[in-house]
Structures are given as C-alpha cells and as structure tokens.
Amino acid sequence: MPFFSKSGNGDVQWCFAQVKGTLDDDVTEADIISCVEFNHDGELLATGDKGGRVVIFQRDPGSKSSFPRRGEYNVYSTFQSHEPEFDYLKSLEIEEKINKIRWLKRRNPAHFLLSTNDKTIKLWKVSERDKKVEGYNTRAENGSLIDPVNVSSLRVPTIKPMELMVEASPRRIFANAHTYHINSISVNSDQETYLSADDLRINLWHLEITDQSFNIVDIKPTNMEELTEVITAAEFHPVECNLFVYSSSKGTIRLCDMRAAALCDRHAKLFEEPEDPTNRSFFSEIISSISDVKLSNNGRYMISRDYLSVKVWDLHMETKPIETYPVHEYLRSKLCSLYENDCIFDKFECCWNGNDMAIMTGSYNNFFRMFDRTTKREVTLEASKDIAKPKTILKPRKVCSGGKRKKDEISVDCLDFNKKILHTAWHPTENIIAVAATNNLFLFQDKF
C-alpha cells in the first residue's frame with residue numbers, strides 16, 4: 001500500500017471523497033466530534049461527539065467494487081451512548097461527551113464497540129434485523145394481546161422479510177471504577193479483557209464482568225500536594241496480551257508487563273528523550289506532555305505526540321526516538337499567546353497507516369500533517385469546506401513563519417486557532433483517511 005502517489009511534478013495526490021455534517025458556520029457544541037475510529041476491516045467508521053452520540057458509517061458497497069475503488073461511507077446507525085449525569089457526592093456534573101471509541105474484533109454477524117465518557121464505559125452491540133415474524137395466534141397485527149378464549153383456529157407463524165433495521169443495544173455497563181476522568185480505553189489482543197485509564201490509575205476489566213476490575217497502575221501519591229505527573233494515554237500491545245504502554249504529562253512512556261506483578265508499579269521499560277538545553281523555556285514542561293501514544297500494527301514501534309512533534313520509538317530502544325517529525329515548529333515562537341488562550345493544552349491524537357510506513361496527526365487552521373517514514377516526505381493538507389467537491393485534489397499547504405511570504409503560503413499570524421484537527425483515523429488496509437474538523441467529518445482518499 002503506497003502512501004504517497006505522485007503526480008508528474010512530485011506532488012502528493014490526496015483528494016476529497018465526502019464530508020459529513022452541516023457546513024454552516026453556526027456550530028452547536030453537542031455536534032462537535034470528539035473521537036473517530038475505523039473498525040478492524042475498515043468496513044465501519046464510528047464517531048463520537050460532545051452530545052454523547054455515536055454515529056456509525058458503513059462503507060458503500062458500490063464504492064468498494066468500483067474501479068478505481070472509492071472511499072465512500074453512508075450512515076449505518078446513530079444512537080445516544082451517554083447522557084449527562086450528576087455526581088451528588090462531589091457536586092460535579094458528568095459530561096455526556098464521548099472520549100474514546102474502540103471496536104472489538106468481529107466474531108459473529110453483530111458488531112461490538114466500547115464507548116466511554118469521563119466516568120462510565122459501555123459495551124454496545126450493533127446488529128441488523130431484516131426479518132419479522134407474522135401470524136401470531138395470541139397477538140393482533142398492531143401488537144395487542146388476544147384472549148386465548150377468542151382464538152378459533154391455530155396458525156403457524158411465518159418469517160417475512162422486512163426493511164433492514166440496525167439496532168444498537170448496551171450489553172454491559174462498566175461504572176464506578178474511576179475517581180478521575182477516563183482518557184483512554186484499549187481492547188487487549190485476547191479480545192477478552194480491556195484497560196481503562198484515568199489521570200492517576202489504570203484498571204483492567206474482563207468484558208463479561210461489570211462489577212469488578214483490577215487496578216494495574218496507580219501513580220496517586222499519598223499526599224496529593226506531591227503530585228508531579230498524570231497519565232495521559234494508555235494502550236495494549238497489538239500482539240502480546242501481557243504488555244501495555246502508558247504515557248505521562250512529563251513526556252515519558254512506560255512499557256509494563258503484567259506477568260511481572262499484579263500491580264505494575266515497576267515498569268519494564270521507560271522511554272524518554274533527554275531535553276535539549278537550547279530549547280529550554282518556561283513552556284518546556286507543558287509542551288513535552290504526551291497527548292497520545294499508539295503502537296504500530298506489527299507491535300515493533302510506537303508513536304507519541306507532544307505539542308510540537310510526533311516521535312517514533314523502537315520498543316527495543318528506550319534512550320531516544322528513532323525518528324522525530326516536527327508538526328508545527330513555527331508555533332514555538334507563539335507559545336506565550338497559545339498559553340494565554342489555552343491552546344497549548346490541546347490534546348492532538350496521532351495514527352499509523354495500515355502498513356506502519358506513514359503517520360498522520362492534526363494541527364491548527366484545520367491543517368493535518370502526514371509523514372512518510374520511508375522517503376521522509378511530509379505534507380500539510382487542509383480539511384476545508386472550499387474543497388468539498390468530489391475528486392478535488394488537495395493542494396499541499398505551507399506556513400510562512402517569517403521573512404517574505406510566498407504567494408501560496410499562509411502567514412503564521414493568520415492561522416485560526418479555533419479550527420483544530422484533534423482526531424484522525426486511517427483505514428486499516430487502504431489509503432482512506434477520516435479527519436474530524438469541529439462538527440464535520442472529512443473523508444479523503446488517494447487520487448482515483
């Protein structure tokens with residue numbers, strides 16, 4: 001699966017496929033997308049929003065069989081996953097916003113996914129129904145019951161085809177295990193257990209058991225005044241069911257082995273890059289905080305995203321990353337204003353492509369960045385309403401940070417920091433990407 005398909009002049013050829021959601025400037029807070037996730041074969045794509053809803057899109061069968069293949073998706077199911085709640089003990093409102101969605105591998109005709117808000121994780125079953133039973137003896141066509149005394153003849157009920165219905169039902173609710181806000185969930189490769197992480201603890205759950213979980217990491221100090229770091233993300237290894245990683249606000253990633261002890265307080269490996277003294281500033285600690293960590297599909301590497309860069313780590317080498325890709329280095333001179341408007345605390349996610357040779361992550365002004373690990377080529381693209389026409393090729397964008405601005409460049413002072421790409425997803429086997437831009441979901445694919 002090549003990542004960069006070049007035209008004659010060497011440009012990267014990605015083009016617009018679809019956009020979901022209204023393109024109005026007036027955005028309702030509840031419609032803002034808060035997570036995006038493809039399932040394991042890329043047939044389904046799920047989004048969660050701040051209103052607690054999950055929308056599932058299904059690959060259009062025609063787009064898959066057409067030549068060349070197109071990456072088009074239609075709405076498959078929409079359901080309310082979480083409702084706003086109130087914690088009366090702490091007098092705190094619990095938002096309905098969906099923080100993370102994770103798919104389980106498919107074992108039968110139904111699909112299963114986990115969704116979580118700040119406090120409660122739910123396991124959802126999404127199934128299809130295209131047949132109905134007719135001809136009951138003790139039930140009328142409208143569903144009302146008939147007194148058996150009035151039944152004069154017996155009928156054999158028959159199964160009739162009906163219009164396809166997609167039903168989403170909560171199969172398990174995992175609650176009351178987190179004191180702090182849940183930031184990550186990750187399904188184990190055994191497909192029987194999963195982890196959930198909040199600011200200070202990581203819990204291990206069995207998918208069948210809702211009333212107990214095992215605490216496997218606890219970094220809460222006895223005296224909270226001594227708190228120096230929090231957990232920012234956690235993920236299971238894609239192959240080894242005993243390994244997981246978690247990142248911290250101090251810029252470190254710990255690899256833990258559950259075979260070593262029940263409570264993984266002692267990590268097996270610690271991945272940390274020594275700080276460059278020349279870049280030391282008041283903001284160093286904030287921008288070194290890792291907002292996302294993702295293990296590669298083959299399990300050999302992982303990527304971590306901090307405020308200004310994406311780093312690739314080899315699990316066999318803890319001392320430093322093997323690759324570092326600056327995402328928006330031009331913002332280093334703007335950190336003071338980004339601190340004042342709170343943007344410096346934005347949590348950008350990152351993702352791998354299907355063969356682990358390319359990486360994608362978001363930036364501001366609805367820009368997103370892609371890096372090819374083989375050729376070291378990189379590109380900045382924009383998820384914008386202006387290109388929302390089928391087959392429109394995305395033009396690479398460039399940001400000018402000083403000096404004379406060229407014709408096709410945008411000045412760093414003109415960037416819109418309210419438009420940010422925090423959540424992206426890459427199809428597991430094809431060059432189809434999903435990019436969440438506020439309340440819109442953009443789908444792009446390589447040129448067709």
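Determine whether the range 220-237 contains at least one residue that is farther than 17 Å from Thr179 by Cα, buried (at least 17 other Cβ atoms within 10 Å of the Cβ), at pLDDT 95 or above and of a type in the set (D, E, K, R). Looking through the range 220-237, at least one residue is farther than 17 Å from Thr179 by Cα, buried (at least 17 other Cβ atoms within 10 Å of the Cβ), at pLDDT 95 or above and of a type in the set (D, E, K, R).
Answer yes or no as to whether Asp356 is part of a loop (DSSP other than H, G, I, E, B) and either farther than 27 Å from Gly21 by Cβ or among the charged types (D, E, K, R) (or both). Considered against the rule, which asks whether it is part of a loop (DSSP other than H, G, I, E, B) and either farther than 27 Å from Gly21 by Cβ or among the charged types (D, E, K, R) (or both), Asp356 comes out as yes. Ile94 - would you say it is within 22 Å of the chain's Cα centre (by Cα) and either crowded, with 17+ Cβ neighbours inside 10 Å or not charged (D, E, K, R) (or both)? Criteria met by Ile94. Within 22 Å of the chain's Cα centre (by Cα), hydrophobic (A, V, I, L, M, F, W, C) and farther than 30 Å from Thr232 by Cβ, is that true of Val54? No; evaluated as a whole, the condition is false for this residue. Against the test of being under 26 Å from Ser284 (Cβ atoms) and under 17 Å from the mean Cα position of the chain (by Cα), the options Phe371, Phe348 yield a single qualifying residue, Phe348. Consider Glu85 carefully, then state whether it is in contact with a strand residue (DSSP E or B) (Cβ under 6 Å, 6 or more places away or on another chain) and open to solvent by 80 Å² or more (accessible area, probe 1.4 Å). Yes, satisfied. Any idea which residue in the range 401-426 is least open to solvent (accessible area, probe 1.4 Å), counting only those that are within 26 Å of Ile359 (Cβ to Cβ) and hydroxyl-bearing (Ser, Thr, Tyr)? Only one residue tops the list, namely Thr424. Of the residues making up the range 138-196, those that are in a strand (DSSP E or B), among the hydroxyl-bearing types (Ser, Thr, Tyr) and either open to solvent by less than 30 Å² (accessible area, probe 1.4 Å) or closer than 20 Å to Glu96 by Cα (or both) are Ser169, Ser184, Ser186, Thr193, Tyr194, Ser196.
On the basis of being under 15 Å from Gly299 (Cα atoms) and of a type in the set (D, E, K, R), does Asp314 make the cut? For Asp314, the condition - under 15 Å from Gly299 (Cα atoms) and of a type in the set (D, E, K, R) - is met. Would you confirm whether any residue within the range 266-276 is touching a residue at least 12 places away in the same chain (Cβ under 8 Å) and under 24 Å from Asp118 (Cβ atoms)? No; the residues of the range 266-276 include none that is touching a residue at least 12 places away in the same chain (Cβ under 8 Å) and under 24 Å from Asp118 (Cβ atoms). Please specify each residue of the range 53-73 satisfying the condition of being out of contact with any Lys or Arg (no Cβ under 9 Å at 6 or more places or on another chain), open to solvent by less than 60 Å² (accessible area, probe 1.4 Å) and touching a residue at least 60 places away in the same chain (Cβ under 8 Å). Selection gives Val54, Ile56. Count of the range 147-203 residues, restricted to those that are out of contact with any Phe, Trp or Tyr (no Cβ under 9 Å at 6 or more places or on another chain) and of a type in the set (Phe, Trp, Tyr), is 1. Residue check: Ile303 meets all listed conditions (1) more than 25 Å from Val239 (Cβ to Cβ); (2) touching a strand residue (DSSP E or B) at 6+ places or on another chain (Cβ under 6 Å); (3) aliphatic (A, V, I, L, M) but one, namely (1). Among the conditions (1) over 28 Å from Ser333 (Cβ atoms); (2) in a loop (DSSP other than H, G, I, E, B); (3) polar (S, T, N, Q), the only one that Asn418 does not satisfy is (1). Would it be correct to say that Lys398 is open to solvent by 80 Å² or more (accessible area, probe 1.4 Å), touching a residue at least 60 places away in the same chain (Cβ under 8 Å) and over 30 Å from Pro238 (Cα atoms)? No, not satisfied.
Going residue by residue through the range 123-135, is there one that turns out to be more than 30 Å from Gln58 (Cα to Cα) and free of Cβ contacts under 8 Å to residues at least 60 places away in the same chain?
Yes, because at least one residue in the range 123-135 is more than 30 Å from Gln58 (Cα to Cα) and free of Cβ contacts under 8 Å to residues at least 60 places away in the same chain.
The set of residues from the range 326-353 being in a strand (DSSP E or B) and among the aromatic types (Phe, Trp, Tyr) comprises just one member, Trp352. Among the criteria (1) surrounded by fewer than 16 Cβ atoms within 10 Å (Cβ to Cβ); (2) within 19 Å of Gly299 (Cα to Cα), the one Lys250 does not fulfil is (2).
Based on what the data block shows, is Asp386 more than 18 Å from Lys334 (Cβ to Cβ) and open to solvent by 50 Å² or more (accessible area, probe 1.4 Å)? Let's see the steps before the verdict.
Working: more than 18 Å from Lys334 (Cβ to Cβ): yes; open to solvent by 50 Å² or more (accessible area, probe 1.4 Å): yes.
Answer is yes for this residue.
Considering every residue within the range 302-313, establish whether at least one is closer than 23 Å to Arg254 by Cα and over 19 Å from the mean Cα position of the chain (by Cα).
Yes, because at least one residue in the range 302-313 is closer than 23 Å to Arg254 by Cα and over 19 Å from the mean Cα position of the chain (by Cα).
When each of Leu270, Leu207 is tested for being buried (at least 16 other Cβ atoms within 10 Å of the Cβ) and within 30 Å of Met360 (Cβ to Cβ), the lone residue that passes is Leu207. Tally up the residues in the range 326-351 that are touching a Ser or Thr at 6+ places or on another chain (Cβ under 6 Å) and either over 16 Å from Ser247 (Cβ atoms) or open to solvent by 70 Å² or more (accessible area, probe 1.4 Å) (or both), please. Result for the range 326-351: 5. Checking the stated criteria, Gly62 turns out not to satisfy the condition of being on the phi > 0 side of the Ramachandran plot and at pLDDT below 95.
The values are calculated or read from the model by the stated rules, or taken from the named source; none is laboratory data. Keep in mind the model is a prediction, meaning the values are calculated, not measured. Note that each Cβ is placed from the backbone with ideal geometry, even for glycine, and that neighbours are counted across all protein chains shown. With ligands, DNA and RNA removed, areas are computed over all heavy atoms of the protein, side chains included. Shrake-Rupley method; radii C 1.70, N 1.55, O 1.52, S 1.80 Å.
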